[in-house]
1. Do you know which of the residues in segment 60-85 that are assigned to a loop (DSSP other than H, G, I, E, B) and under 18 Å from Glu100 (Cα atoms) is most open to solvent (accessible area, probe 1.4 Å)?
2. Could you identify the single residue in Ala449, Ala470 that is open to solvent by 40 Å² or more (accessible area, probe 1.4 Å), over 34 Å from the mean Cα position of the chain (by Cα) and more than 17 Å from Lys371 (Cβ to Cβ)?
3. Which of the residues spanning segment 204-218 are at pLDDT 70 or above, in a loop (DSSP other than H, G, I, E, B) and aliphatic (A, V, I, L, M)?
4. Being closer than 24 Å to Leu334 by Cα, among the hydrophobic types (A, V, I, L, M, F, W, C) and more than 16 Å from the chain's Cα centre (by Cα) narrows it down to one residue among Val281, Val310, Val225; which is it?
5. Residues of segment 258-299 being among the small types (Gly, Ala, Ser) and farther than 23 Å from Ala164 by Cβ, which ones?
6. Evaluate segment 219-239: report whether one residue or more is open to solvent by 50 Å² or more (accessible area, probe 1.4 Å), of a type in the set (D, E, K, R), part of a loop (DSSP other than H, G, I, E, B) and closer than 30 Å to Lys84 by Cβ.
7. Kindly check whether there is at least one residue in segment 101-119 that is in a helix (DSSP H, G or I), closer than 29 Å to His246 by Cα and either of a type in the set (Asp, Glu) or in contact with a strand residue (DSSP E or B) (Cβ under 6 Å, 6 or more places away or on another chain) (or both).
8. Would you be able to say whether some residue in segment 394-416 is among the β-branched types (Val, Ile, Thr), touching a residue at least 40 places away in the same chain (Cβ under 8 Å) and farther than 20 Å from Val486 by Cβ?
Amino acid sequence: MSSQDNTDCRFVQTETDTHLQYVSLLQEACNSSNHQRKLESLARCASYITSSDPSSILDLLRHETCVRELVKVIDLAIVPSFQKKEYASYEKDDFKKYPEVTRHVLSIIHHILHILANSKRDGANSLTDNATTEIISSMNETEQQKIARNISAFLPKLILLISAHSSCPLWSSVELETLSSQVLDRLLVYFSCESVDELLSIEIHPWDASVGTVKGSKVMLLNAVLSHCWKPLSKNTWHQNPFLSHSFFWIILQMKLPHLSDHIEQVMSVALNFLEDHQAVNKIRGISCLHHLIKNTSSEEMRWLNRAEVIYEQLKNQMYSKEAAVIEFLFPCLFDVLKILESPPELDRHQYVLDTLLRNTDSENLLILRKIYVSNLTTLVNQVGIHSVRHLKTLIKVISNYLEVDDGLGEVSARPQTLKLLECIIRVAWPRVQHHADVILKMCLNFIADVICTKPDSDSSHDVRYELTAETVRCLVLLSEVCPDVLPCVKAGLEAGINSVGSDNRMFDILKTQLASISTVLV
């Protein structure tokens, strides 16, 4: 055998040894039952990958055995189901074994994708990037496709891992969230995608765990990812899978029209499971999923099979909740469902929700809930339009009560939103407002007097006073346009306000400007 032949044989042997060494390290990490030994194996894997040259890494990605072990390694960082844990709130200690494992796993994947992604960028950033680009360019099309195919094989599990570390849940940290974000960025570059929605829409060859190889048929990445979620997130088991619940929530919120249309039933099922839970965080998660689904599917699809009706009935039951965070997410979703179900003049469900919301608003004492209720009343009155006149007397009563209560000048004050509600009522129910003009006029003038007499304790309080006064005067001007008979009284009230502001020049200017516009109307 010639010297050249010996050199070639040694090269092949070295390349094979490299491949086998890496696979051996991955297998050791996957099969070790000792947590510390597993961490050490993963650390060696990460060190091995980061110290390898691009050609070695690209060679590894040609082998399905390496891909198989990478899938298993990613599985190490995915928190399994808590099958023996009784349903309760989870704590950070329940996941204490996973952050360090995840850091090593993401480091391995990040470096692999970094090599691949840099070869796709316009212009190389370093000699290493140039070398990677040259190596990939020298490959034939079949080899390049094989690498892309092998990379896509572990994408579904990788997406689950990345998504589970958004927003720093109990099993994550700021470091892991940042690392996950970097891995996601590399994926977007490598697959030439502008957004996560686009990435989840690509077709891939997923890994078939039953036979230990890459599937021949292509599927949409979203379908492959969600296939890992449906069974664990069923009605009886979802609460045992906090990791997948968090992943599912993030993934669904990334998808846009029309990609959710094929998954409406399944997404609804999981979201309603979340909604029926007693914890606020899960209720919010369920409402957010449903709202995103409503906004990213067609109205016709949501009306089929009474889907929108089912969502409406479930959301309606949550209207009596006293948790501010839940209520804040609930009503916007409920109002969008009502738009799908009804249109004027048939607004029975709208009227029921408006009536219930009014009763809740009228009887509420918590400042934060008062603000949320009255803000959503404004939205719903706008949505119902002229048909809200049947509730006009109650609406004006609620507004009067809210303006009479001094809830301060801070962020929790409901009075700014109350004035917006009053302005909305005057605009949409103007044909009937004249029957309540005296009550509205009296409450507005009394409120201006109260605000002028209030002593602010900070600069921000000064600004709030001016905004409240300006909004109240706008309501009076609007009332004057709808009911000209009140013009003289409005003018007299504003003149009295001007005389009482003293040296407050800004308040004087607000009242003087509006008085001038009203005087023009009188002339």
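The values are calculated or read from the model by the stated rules, or taken from the named source; none is laboratory data. No experiment lies behind these values; they were computed from the predicted model shown. FYI the Cβ positions are ideal-geometry reconstructions off the backbone, even for glycines, and counts take in every protein chain you see. Surface accessibility is based on the protein's heavy atoms, side chains included, excluding ligands, DNA and RNA. Shrake-Rupley method; radii C 1.70, N 1.55, O 1.52, S 1.80 Å.
1. Only one residue fits best here, namely Pro80.
2. Ala449
3. none
4. Numbers: Val281 fails: more than 16 Å from the chain's Cα centre (by Cα); Val225 fails: closer than 24 Å to Leu334 by Cα.
Going through Val281, Val310, Val225 in turn, the sole match is Val310.
5. Ser261, Ser298, Ser299
6. Scanning segment 219-239 turns up at least one residue that is open to solvent by 50 Å² or more (accessible area, probe 1.4 Å), of a type in the set (D, E, K, R), part of a loop (DSSP other than H, G, I, E, B) and closer than 30 Å to Lys84 by Cβ.
7. No, every residue in segment 101-119 fails to be in a helix (DSSP H, G or I), closer than 29 Å to His246 by Cα and either of a type in the set (Asp, Glu) or in contact with a strand residue (DSSP E or B) (Cβ under 6 Å, 6 or more places away or on another chain) (or both).
8. yes
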